[in-house]
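To start, the structure itself, in structure tokens.
The values are calculated or read from the model by the stated rules, or taken from the named source; none is laboratory data. In this text the structure is predicted, and so the values were computed from the model without any measurement. For neighbour counting, all protein chains shown are included, and Cβ atoms are generated from backbone atoms with ideal geometry for every residue, glycine included.
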Amino acid sequence: MTTGAPPPPARKRSRSRSLAPLGLAAWLVLEVWLLTLVAGAAGGFTVLALLAGGAVLGAAVIKRAGRRAFRTLTETLQQQQAGAVPAQDAGSTGNGFLMLGGVLLMVPGLLSDAAGLLLLLPPVRAWAGRYAERSLDRRVRAAVPGFDDAFQRARVHRPDGKVVQGEVIRDDTADRRTHPYGDGDSRPPLTR
């Protein structure tokens, strides 16, 4: 017989997580169908040339975005070492979506190539960035109410499985030697 807290109840999978494999399979079938359709109309070498061109263009886009991200990081670190507050560079935003566009270009398929080419356009990248930021902000606020003071809260698990809500208050000015457990001894378990 084991003691301790009971295992947490199993979480139900979200709808998007359960439909993701079905969506991926449908996307792959559509990609193969489009490739065979274009190969029948234009020829196999044309499809091969399109796929090879997409892979080369995608690699070039990823390389360029990676260099730009590294250059921005280097400049920001140099400005911080000099003591200046680095300014937000409007041209450096969207590197993640630019790299995603390059990856989509490298993935074989015409739909992924079209999506990758769309992400190369700056207005589409800006819109996708705003949408992703709003979506992430909304999810964080819904998942963790009071996220702003999350680092000031603590949860203590008692041996009987109950959770005690608390708040961490750090007082750096207090003398550690006057604290009953300030000498490194472990605290006794919470009992009731």
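Per-structure values
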item	result
Failed condition for Met106, given (1) closer than 22 Å to Gly23 by Cβ; (2) modelled with pLDDT under 90	(2)
Of all residues making up the range 44-64, the number that are over 16 Å from Asp113 (Cα atoms) and modelled with pLDDT of 90 or more	3
Filter result (of a type outside the set (A, V, I, L, M) and touching a residue at least 24 places away in the same chain (Cβ under 8 Å)) within the range 103-128	Pro108, Gly109, Ser112, Asp113, Gly116, Pro122, Arg125
Lone unmet requirement of (1) outside any loop (DSSP other than H, G, I, E, B); (2) surrounded by 12 or more Cβ atoms within 10 Å (Cβ to Cβ) for Ala5	(1)
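Rundown of residues vs (1) among the charged types (D, E, K, R); (2) surrounded by 12 or more Cβ atoms within 10 Å (Cβ to Cβ), yes/no style:
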{"site": "Ser14", "(1), (2)": "no, no"}
{"site": "Arg17", "(1), (2)": "yes, no"}
{"site": "Leu24", "(1), (2)": "no, no"}
{"site": "Trp27", "(1), (2)": "no, yes"}
{"site": "Glu31", "(1), (2)": "yes, yes"}
{"site": "Ala41", "(1), (2)": "no, no"}
{"site": "Thr46", "(1), (2)": "no, yes"}
{"site": "Val61", "(1), (2)": "no, yes"}
{"site": "Glu75", "(1), (2)": "yes, yes"}
